[in-house]
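Here's the structure we're looking at; comments come further down.
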Amino acid sequence: MKIGIIGGGMIAQFHAMAIQAMANGTLHSAYIRNEEKAAEFKANYPCTVYHDLDEFLADSELEVVTIATPSGAHLQPALAAAKAGKHIIVEKPLEVTTEKIDQLIDACDQAGVTLAGIFNRRFHPAMDVAKLAIVQGRLGQLTLAEASIRWFRDQAYYDSGAWRGTWKLDGGGALMNQSIHAIDQLLYLAGPVKRLSASMACLTHDNIEVEDTAVAILEFTNGGRGIIQGSTSCYSSDGNPAEIHLSGSTGHIVLSDESFSHWDFKEEAPEDAEIREKYMVGAAAGMGANDPTAINFTGHQKNFEAVIEAIQAGKNPPIDGHEARKAVELIRAIYQSAQNNGEWVELAHD
């Protein structure tokens with residue numbers, strides 16, 4: 001399928017590299033308002049580049065649009081793409097409030113187009129292995145679950161764009177921008193959260209509106225308890241991996257970026273030896289922990305390919321609008337609690 005990108009920054013370049021590597025999609029076009037950025041983009045990723053959004057969307061050959069604008073500027077171009085009848089893939093977060101996400105879901109439903117989110121950290125083999133073990137009940141009763149994102153961003157990172165560190169366009173700080181991937185993984189593996197209490201602060205950065213450090217205490221609907229801790233103020237020379245800890249009455253899993261640092265069960269299974277051989281690691285530098293450009297595009301590629309496969313089969317993509325909404329809902333609840341002195345916030349579930 002022919003794919004176009006809205007946006008010309010770093011994330012748009014990730015999208016372009018991923019699309020170029022795809023088996024079932026091609027980079028067809030891009031919409032970039034800034035002429036200098038547009039020229040640079042076209043030189044690196046040959047395609048038709050438009051400076052007018054209406055002209056970009058009027059291209060009858062264009063089938064799928066990816067949104068790579070700042071987080072709080074996803075809604076309007078996505079609504080325009082839906083109105084034009086294009087399928088839509090949106091970089092995380094889908095939008096920065098659940099109200100905007102619901103508006104986008106409704107618009108795509110009315111237009112009859114697919115809406116998909118990007119959570120590229122779901123698309124690696126170790127995630128599939130962990131999910132299968134949980135579905136099989138190998139953890140027993142979930143007791144403790146944790147997402148730990150101890151990353152580092154210097155002041156220059158926030159100063160590099162006027163939108164960074166703002167509630168309007170970044171939607172939040174260390175949680176909404178950096179930790180959302182691990183939060184999505186935690187929800188996918190541990191299940192929905194019933195209620196939470198949280199605290200957050202800006203400890204090491206200047207002139208930003210949002211948090212650079214946050215902690216939340218969670219109660220899951222399955223009875224387990226948990227913690228989310230996310231920060232962009234944790235220095236490490238190599239960078240700390242993002243970790244998901246899952247402990248239960250009969251097993252213990254620690255997912256460290258795309259590998260396991262712990263894979264331990266009360267009852268061994270025949271496949272455990274092979275899993276440890278393939279996916280166990282020692283200490284390793286975190287992917288994108290200190291440098292966002294160090295993240296590889298493989299996860300994006302697999303995410304895109306899964307969406308295109310679903311569109312061609314007439315099915316919902318693995319991460320549709322409702323699935324992508326879950327992490328944003330949880331993060332917004334954390335912000336609500338933290339802004340109200342740690343009050344317990346209940347999350348509604350069907």
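When we screen ASN316, ASN340 for residues that are over 22 Å from the mean Cα position of the chain (by Cα) and assigned to a loop (DSSP other than H, G, I, E, B), the only hit is ASN340. The set of residues in segment 23-46 being crowded, with 18+ Cβ neighbours inside 10 Å and touching a helix residue (DSSP H, G or I) at 6+ places or on another chain (Cβ under 8 Å) consists of GLY25, LEU27, SER29, ALA30, TYR31, ILE32, PHE41, TYR45.
With respect to being over 30 Å from SER247 (Cα atoms) and either among the acidic types (Asp, Glu) or at pLDDT 95 or above (or both), THR166 fits the description.
Residues to consider are ALA80, ALA73, ALA58, ALA84; find the one that is within 25 Å of ILE331 (Cβ to Cβ) and at pLDDT 95 or above.
Values: ALA80 fails: within 25 Å of ILE331 (Cβ to Cβ); ALA58 fails: within 25 Å of ILE331 (Cβ to Cβ); ALA84 fails: within 25 Å of ILE331 (Cβ to Cβ).
Exactly one of ALA80, ALA73, ALA58, ALA84 is within 25 Å of ILE331 (Cβ to Cβ) and at pLDDT 95 or above, namely ALA73.
What do you reckon, is TYR188 at pLDDT 95 or above, within 22 Å of GLY299 (Cα to Cα) and either buried (at least 20 other Cβ atoms within 10 Å of the Cβ) or touching a Lys or Arg at 6+ places or on another chain (Cβ under 7 Å) (or both)? Talk me through it step by step, then tell me what you get.
Details: at pLDDT 95 or above: yes; within 22 Å of GLY299 (Cα to Cα): yes; either buried (at least 20 other Cβ atoms within 10 Å of the Cβ) or touching a Lys or Arg at 6+ places or on another chain (Cβ under 7 Å) (or both): yes.
The answer is yes for TYR188.
Of all the numbered requirements in (1) under 26 Å from GLN178 (Cα atoms); (2) surrounded by fewer than 23 Cβ atoms within 10 Å (Cβ to Cβ), GLU55 misses one, and that requirement is (1). A count restricted to segment 266-312 and to residues that are of a type in the set (Val, Ile, Thr) and either in contact with a strand residue (DSSP E or B) (Cβ under 6 Å, 6 or more places away or on another chain) or at pLDDT 95 or above (or both) stands at 5.
The values are calculated or read from the model by the stated rules, or taken from the named source; none is laboratory data. What you see is a predicted model, and the numbers here were worked out from it, not measured in a lab. Note that we place each Cβ from the backbone using ideal geometry, even for glycine, and neighbour counts take in every protein chain shown.
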